[in-house]
Amino acid sequence: MSTTRKNYPSGAKWEDIVGYSRLVTVGNNIWLSGTVATNDANETVGKNDPYRQTKFIIEKIEHYLSKAGASLKDVVRTRIFVTDISQWEAIGRAHGEFFKDIKPVTTMVEVKALINPDYMVEIEVDAVIPT
């Protein structure tokens, strides 16, 4: 098994400022950094709608996983950061629409704030491509 590390940038200006990559692989392990509901025009998708934000984020995660030769079926862990835990059902419903058959381990945690006040949800994932 290869232990070569590969970084996958998204091109966001913050990556060099903060010093991070959108996605990192080592061998068949994948780590995808916190992902929020921002589209290519740098607009927030689903403002005031945690269900829509969650769906958009998971679709965005799916896109980045594909760059590393993976898919949502390879996800083994999700971490969901939310600014209002009372919205857990809407967020969980959107998560379940993608992961109901995959069933990765998951954590949902309420945080005081995310980097932009329009963001209600941020998700990071870990994945393993079977060998």
Item to complete: In a Gaussian network model over the chain where Cα atoms closer than 10 Å are linked, find which of 104, 50, 117 has the largest mean-square fluctuation.
Response: 117
Discussion item. Suppose every Lys and Arg Cβ carries +1 and every Asp and Glu Cβ carries -1, with no other charges. What dipole size does segment 42-109 come out with about its Cα centre, to the nearest 20 debye?
Written reply: 160
Worksheet entry | Unit charges on C-beta of K, R, D, E only; dipole of the chain, Debye | 340
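Where both residues lie in segment 7-110, what percent of DSSP beta bridges are antiparallel, nearest 5? Let's see the in-between values first.
On the way: 7 of 13 bridges.
Taking every DSSP beta bridge with both residues in segment 7-110, the antiparallel ones total about 55 percent.
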Worksheet, complete the sentence: The ³J(HN,Hα) series, computed from each phi in segment 99-107 with the Karplus coefficients 6.51, -1.76 and 1.60 at θ = phi - 60°, rounded to the nearest Hz and given as x for glycine or proline, is 10, 4, 9, 7, 6, x, 5, 8, 9
Item to complete: May I ask you to list the GluC sites (Glu not before Pro) in segment 1-86 that are in a DSSP loop and have at most 14 other Cβ atoms within 10 Å of their Cβ?
Response: 43
Item to complete: Hand me the trypsin sites (Lys or Arg not before Pro) from segment 1-41 located in a DSSP loop with no more than 11 other Cβ atoms within 10 Å, in residue order please.
Response: 13
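Would you please classify the overall shape of the chain from the alpha carbon gyration tensor, given that a ≥ b ≥ c denote the square roots of the eigenvalues, rounded means a/c under 1.5, and beyond that prolate means a/b larger than b/c while oblate covers the rest?
Values: a/c = 1.99, a/b = 1.29, b/c = 1.53.
Verdict is oblate for the chain.
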Worksheet item: How about segment 60-131: which trypsin sites (Lys or Arg not before Pro) there are in a DSSP loop, with at most 16 other Cβ atoms within 10 Å of their Cβ?
Response: 100, 112
Fill in: Potential lengthening between residue 18 and residue 126 on full extension [0.36 nm per residue; Cα-Cα distance subtracted]
36.8 nm
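Readers should treat all values here as calculations from the given coordinates under stated rules, not as data from a laboratory. As the structure is a computational prediction, the values presented were derived from the model and not from experiment. Glycine also receives a Cβ, built like all others from the backbone with ideal geometry; neighbour counts cover every protein chain displayed.
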